1. Would you mind checking which residues have amide H under 5 Å from Arg52's amide H? H placed 1.01 Å from N; only 5 or more apart, or other chain.
2. Ranked highest first by average number of other Cβ atoms within 10 Å, how do 63-71, 40-48, 14-22 line up?
3. Please compute the length gained on full extension between Thr17 and Ala67, using 0.36 nm multiplied by the number of residues separating them and subtracting their Cα-Cα distance.
4. Express the relative contact order of region 17-67 as a whole percentage, based on alpha carbon pairs under 8 Å and six or more residues apart in sequence.
Amino acid sequence: MPDLSTGPNNVAIVDTTIALPRSLGPDVIAEGVAPTPSNVICWPARGASPTRGYLFANPLPTDLLEAFLRPVAP
């Protein structure tokens with residue numbers, strides 16, 4: 001997914017990408033969010049929440065994922 005802070009058409013592309021599934025009813029999850037600070041704020045603000053991708057972590061095997069999530073798990 002593009003960095004919303006670059007390119008004049010990125011916001012329009014993202015808004016259109018979010019609008020189609022939203023009009024059909026399901027929740028919208030942004031997959032493959034680029035790891036930039038502007039995307040942390042912009043994607044959820046535009047209606048795609050939650051987000052997934054390298055913004056948060058590289059793919060991990062199960063044991064490392066569990067260790068990664070343990071500090072924030074309730």
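1. Ala30, Glu31, Gly32, Val33
2. Working: 63-71: 10.0, 40-48: 16.6, 14-22: 13.7.
In descending order of packing, they fall as 40-48, 14-22, 63-71.
3. On the way: separation 50, 0.36 × 50 = 18.00 nm, distance 3.36 nm.
In short, 14.6 nm is gained.
4. On the way: 48 pairs, mean separation 17.9, N = 51.
Computed over region 17-67, the figure is 35 percent.
FYI, it's all coordinate maths here, none of it is from the lab. This structure is a prediction, so every number in the text was calculated from the model and none was measured. Reconstructed Cβ throughout: ideal geometry from the backbone, glycine too, with neighbour counts over all protein chains shown.
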